[in-house]
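Data block below; observations after.
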Amino acid sequence: MPALLLDDPAPDFDEFVRVLKGEQAPQRVHIVELGIDPEVLRTIQETYLGEAWALPRGVFGPAQPDERYYRQLVTIYWRLGFDFVPLWPMWTNTPPKPVRPADDTANQSRGTREWVDESGGVIKSRLDFVHFPWEKVYTPLEIVEMAGRHLPDGMKLAVSACLFEDIYEYFLGTEGFFYLITDDPTLVEALFERWGQVIYDYYASVIGLDSVGGIFHADDMGFKTGTLISPADLRRLLFPWLAKYAALAHTHNKPFFIHSCGNLYKKSPSVMDDLIEFVRIDGFHSFQDVILPVEYAKARFGNRVALLGGVDVDKLASLAEPDLRAYLRGILAACMPGGRFALGSGNTIANYIPLQNFAIMLEEARQWKPESR
């Protein structure tokens, strides 16, 4: 297997941002991920770094602030060659999310995999909304401080959260959301206002820290052929909040990236055009070849915004080595000229992606040279 970890990484988040803004020609391939599954992190920690993983099997994140976990998390991303560590909040005092369990059949299995219960969420009525413990919900800021203490020179944190996705997965459930957006739109609007402000307050509390390099917001807005709700509703309910988050980051001279799955490219102006022109995102993450291969996205949008990731997860998980290398080299050849691109999976490094294929992607990134353009 190709070398997975670097012995002497040299992270440079400031250079990463300059390349994404088109202010500097790329001298290397910067890599980016919204996340890496805990089973993959655990394997890297125990097999390659020789220390027991901080969390029990099957657990995504610590239940309480845990210094050892954040030290390990930072070390893994650093040794893999990243310029930043994606950091998710630890929301407290929230009722458990409705889920449906199933066996996890991945090679790096977590035992039981949980699927979102689309039939309903924790709020089913206005009474539920009123009685939700809004005033008690917070995320401990010490997790940012813990992770920040272990950052090597040149590396930063990118803080993340979800707004739209939390509303249709956690608060209302997908079915409940689709009914209520018509049957009780004022309740849906109230949820956006309440949760949108909670997330804004979190971002505002950490964006000024030296350890935080920017915001990497995540909200899946679509599926293979379109958006989950009408573009008009996205513009009315979600985009004003995203614009506030972007403005907050920009006020501190820091970038605002967004992750979204789905087809956001139909018609003109498209939802993607709105994200660029109205929200004013600095980078867009998540690509599936069946929707829009990243090479085509680079040709269509690359002069206006940075494109992040692009390696189709299905191909990263399933291609044989020669085909995977050829596929990766094609992406680099199309997307590296002119900068405004960072390589990574089209979504996340899931536990069903062979570790060897992840290592191949990293190796192809490390072997790229400016003269190969």
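The values are calculated or read from the model by the stated rules, or taken from the named source; none is laboratory data. Remember, it's a predicted structure, so these values are computed and weren't measured experimentally. Counting neighbours? That spans all protein chains shown, and the Cβs are built from the backbone with ideal geometry, glycine included. Surface accessibility is based on the protein's heavy atoms, side chains included, excluding ligands, DNA and RNA. Shrake-Rupley method; radii C 1.70, N 1.55, O 1.52, S 1.80 Å.
Some notes on this structure:
- Sorted largest first, extent of the chain alpha carbons per principal axis (Å): 60, 49, 40
- Volume per residue that the Cα convex hull of the stretch 314-373 spans, once the total is divided by residue count, Å³: 78
- Just the protein heavy atoms count here, and of the accessible area of the chain at 1.4 Å, carbon and sulfur take up 51 percent.
- Relative to its Kirkwood radius, the Cα radius of gyration of the stretch 157-203 gives an Rg/Rh of 1.04.
- Coil-residue trypsin sites (Lys or Arg not before Pro) of the stretch 262-348, DSSP, other Cβ within 10 Å capped at 10: Lys267
- Cα gyration tensor category, rounded, prolate or oblate, for the stretch 154-303 with a/c compared to 1.5: oblate
- Globularity ratio of the stretch 38-91, using Cα Rg and 2.2 N^0.38 Å: 1.07
- Span-rule helices in the chain, defined as complete DSSP H runs reaching 24 Å or more along the axis (Cα) with Kyte mean at least 0.0: 185-206
- The stretch 1-78: C-alpha gyration tensor shape, a/c 1.5 cut-off, then a/b vs b/c: prolate
- Gyration tensor over the Cα atoms of the stretch 261-373: the corresponding equivalent ellipsoid has semi-axes (square roots of 5 times the eigenvalues, largest first) of 25, 16, 11 Å.
- Signed unit charges on C-beta, dipole axis of the chain, positive-most listed residue Pro152, Leu180, His30: His30
- Extreme residue, positive dipole direction of the chain, given options Tyr170, Pro231, His131 (C-beta unit charges): Pro231
- About its Cα centre, the dipole of the stretch 158-312 is roughly 580 debye, where the only charges are +1 on Lys and Arg Cβ and -1 on Asp and Glu Cβ.
- Projected over every direction and averaged, the convex hull enclosing the alpha-carbon atoms of the stretch 92-177 yields 8.3 nm².
- Nearest-20 debye value, the chain charge dipole, Cβ charges on Lys, Arg, Asp, Glu: 680
- For the stretch 1-159, a Kirkwood radius taken over Cα pairs fed into Stokes-Einstein (37 °C, viscosity 0.692 mPa s) yields D = 180 µm²/s.
- Accessible area per residue in Å² at 1.4 Å probe, computed on the stretch 1-127: 49
- The chain - mean residue ellipticity at 222 nm from DSSP helices (-39,500 (n - 2.57) per run, n ≥ 4, rounded to 500): -10500 deg cm²/dmol
- When the Cα positions of Pro11, Pro269, Gly344 are compared along the charge dipole of the chain, Pro269 comes out farthest toward the positive end, with charges on each C-beta of Lys, Arg, Asp and Glu.
- Scattering from the stretch 188-260 was approximated by placing one identical point on each alpha carbon and applying the Debye formula without solvent; log10 I(q)/I(0) at 0.13 1/Å stands at -0.41.
- Centre separation in Å (Cα based) which lies between the stretch 176-232 and the stretch 73-101: 18
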